[in-house]
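A.B. asks: Below is one structure. I have some questions about it.
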C-alpha cells in the first residue's frame, strides 16, 4: 500500500509530463516504463559489480560493456555514461543528448537478451520533448524510494490506475478486486503454468504471483519451484507492443524476473504449439464483435464455427488448457444465453465434454465508465470426458464500489475486495458481496446444494441445464423470486409468463446483435 508521500511524488511526475506537453496518459506511462527499465538495468549492473568486488572475481555478466558505444554525433560515449547513476548528474541538455542518441539505441539493441522487457524494446522511442522535462522527471523518479518489491509494484499499479482514471484505454484494465476474486477462487499452485491470452498490463498474472507469494512461501526455499516461478509459471499474449512493454515491466517490478510475455494475436495465429500447455487460464479478453473467417486461426474454427470473438476466445481457452486444467474467465452475458448454433454448441461442449463449475453474475456497472455491458465469470475444468454434475450460480449485487461512472468505494479500504482484513457485517456484505462469494464457493459441493433458488447463490443440476438442448446458463433462467404473501399477489401463471417474456426478449436481443454483427 502506497503512503501519501510516494503517491504525491508520482502525481507530481505525472503532472510534469502533462505540463511539458505529453498529455496522452498511455504515452506518459510508456515513457515512465522506459525510464524505470533504464534505471533497473543500472541497478542490476551495480549488483554484479558488488558481487564481483566482494568475491574478488571478474564480473559474470556486464549489462553495460567496457569502452565506447560508437553512436551519435559525438562519435560515441563511454558505456558508463549510459547508466542511470551517471547521466542523472549531467546538465539537462547533455543528459537529453545522451538519453536520446545513446541510451535509447542501446536499449533497442537489447532485443533478444535475457530480460523480459528487453525483448519488447526494439521499437522503443524517446518521446520526452525537452531537456528541462527530462531532467525534472529523472530527478523526481530517482528520489522515489523503490527499495523493495512491494513498493515498486504498488507504484506501477498506482500509475496504471492513473491511466484508467484519465478516461482513456480503460479497456486494458480489469478492476483489481475482480481480478483478485478470480485468483482466490482458482487458488493458483506452485506448479501451475498460468496463461492470460489477452494480457494487457498483466494484472491477472501479477495477482496470481502475489497469491503464490502469500500462500506458498515454500516456492522460494525450493530451487526447482523458484526457477519455475521466475521463468515458466507466467505466460501472457498481446499484439500491442506498448502493452507488452508495460505488462512486462509490471511483472518485473512485482518481483517476477523473466515472465514469458510474448507478441501474439491469440485469435489469428495457429495455436498448435501452445495447445494443452497451461494448467490455469485467467482472462478478461476484449470482445470487439466479429472477425472474418480468413483472419481467424484454423484450429479455433475446428472447435467452433463462428465469427464472434467472445466464442472464439472461449474455444481458445479450451485449446490452450491441459487436461485437468482450470479456468476463470470473464464473458459477456450473450455467451450465457445466445441462441445461435455456435452459442449453443460451445455451451454444450463445456457442460457435456468438460466440467462447468460455476457461473458468477457480475453487476452491470463493474466496468464503468468504459462499458456498461453485463458480464459473468465462468469457472470450468477441462476434462475431455465430461464431469459436470451441478453448476453453482452466484448473483453478485455489489462489489464494494458504486456502480455508476464514478466507481467510488462504498467501504473503507480494509473492508474491500474478496479477502478483507476483518469479517463484514450484514450491512457491509450488502455493499461488498465478494468475501461471501469466496466463502460459499468453498461449500459448492456441500451446503450450497441445499440452498433454494430464491437465495443469492444456489446449485442447478446438469439435467436441468441440458433439458431443452439450449444449455442456457443465464442465472435468471433458474433463479426463483420469493414473493411475500400479500392480498393482491400476482397469480403464479402470470409470473411464469413474465419470466418467459423476459427470457424471450433477451434471446431476441442476442439474435439482433448477431444479425447486426
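A.B. asks: Go through (1) modelled with pLDDT of 95 or more; (2) surrounded by fewer than 20 Cβ atoms within 10 Å (Cβ to Cβ); (3) closer than 21 Å to residue 366 by Cα and name the single condition residue 332 misses.
C.D. replies: Tallying (1) modelled with pLDDT of 95 or more; (2) surrounded by fewer than 20 Cβ atoms within 10 Å (Cβ to Cβ); (3) closer than 21 Å to residue 366 by Cα, residue 332 fails exactly one: (1).
A.B. asks: Next question, about the same structure. Can you name the condition, by its number, that residue 315 falls short on among (1) at pLDDT 95 or above; (2) crowded, with 17+ Cβ neighbours inside 10 Å?
C.D. replies: (1)
A.B. asks: Where residues in segment 380-389 are closer than 22 Å to residue 437 by Cα and in contact with a helix residue (DSSP H, G or I) (Cβ under 9 Å, 6 or more places away or on another chain), which of them is surrounded by the most Cβ atoms within 10 Å (Cβ to Cβ)?
C.D. replies: Checked segment 380-389; the qualifying residue surrounded by the most Cβ atoms within 10 Å (Cβ to Cβ) is 380.
A.B. asks: Here is a further query. Looking at this structure, is residue 64 within 27 Å of residue 109 (Cβ to Cβ) and without any contact (Cβ under 8 Å) to a residue 60 or more places away in the chain?
C.D. replies: So residue 64 passes the test.
A.B. asks: When segment 2-47 is examined, which residues are found to be surrounded by 13 or more Cβ atoms within 10 Å (Cβ to Cβ) and not in a helix (DSSP H, G or I)?
C.D. replies: Hits for segment 2-47 are 2, 20, 22, 24.
A.B. asks: Can you find a residue in segment 452-460 that is at pLDDT below 90 and farther than 19 Å from residue 375 by Cα?
C.D. replies: No; the residues of segment 452-460 include none that is at pLDDT below 90 and farther than 19 Å from residue 375 by Cα.
A.B. asks: Moving to a separate point now. Of the numbered conditions (1) touching a strand residue (DSSP E or B) at 6+ places or on another chain (Cβ under 9 Å); (2) under 24 Å from residue 448 (Cα atoms), residue 322 fails exactly one; give the number of that condition.
C.D. replies: Unmet condition: (2).
A.B. asks: I would also like to ask the following. For residues in segment 77-108 being in a loop (DSSP other than H, G, I, E, B) and surrounded by 15 or more Cβ atoms within 10 Å (Cβ to Cβ), which is farthest from the chain's Cα centre (by Cα)? Write out each step before concluding.
C.D. replies: Of segment 77-108, the ones in a loop (DSSP other than H, G, I, E, B) are 77, 83, 88-91.
Subset that is surrounded by 15 or more Cβ atoms within 10 Å (Cβ to Cβ): 77, 83, 88, 90.
Working: 77: 40, 83: 32, 88: 34, 90: 39 Å.
Only one residue tops the list, namely 77.
A.B. asks: Identify all residues within segment 109-133 that are modelled with pLDDT under 90 and surrounded by fewer than 18 Cβ atoms within 10 Å (Cβ to Cβ); write none if there are none.
C.D. replies: 109, 111, 112, 113, 114, 122, 123
A.B. asks: How many residues are within 27 Å of residue 477 (Cβ to Cβ), surrounded by 20 or more Cβ atoms within 10 Å (Cβ to Cβ) and outside the structural domain of residue 354 (by TED's automatic domain parsing) if we restrict to segment 390-439?
C.D. replies: Selection size over segment 390-439: 6.
A.B. asks: Look at segment 48-76 and say how many of its residues are under 24 Å from residue 144 (Cα atoms) and in a helix (DSSP H, G or I).
C.D. replies: So the count comes out to 3.
The values are calculated or read from the model by the stated rules, or taken from the named source; none is laboratory data. Model, not experiment: these values are computed from the prediction. Neighbour counts are summed over all protein chains in view; Cβ atoms, including those assigned to glycine, are modelled from backbone coordinates with ideal geometry.
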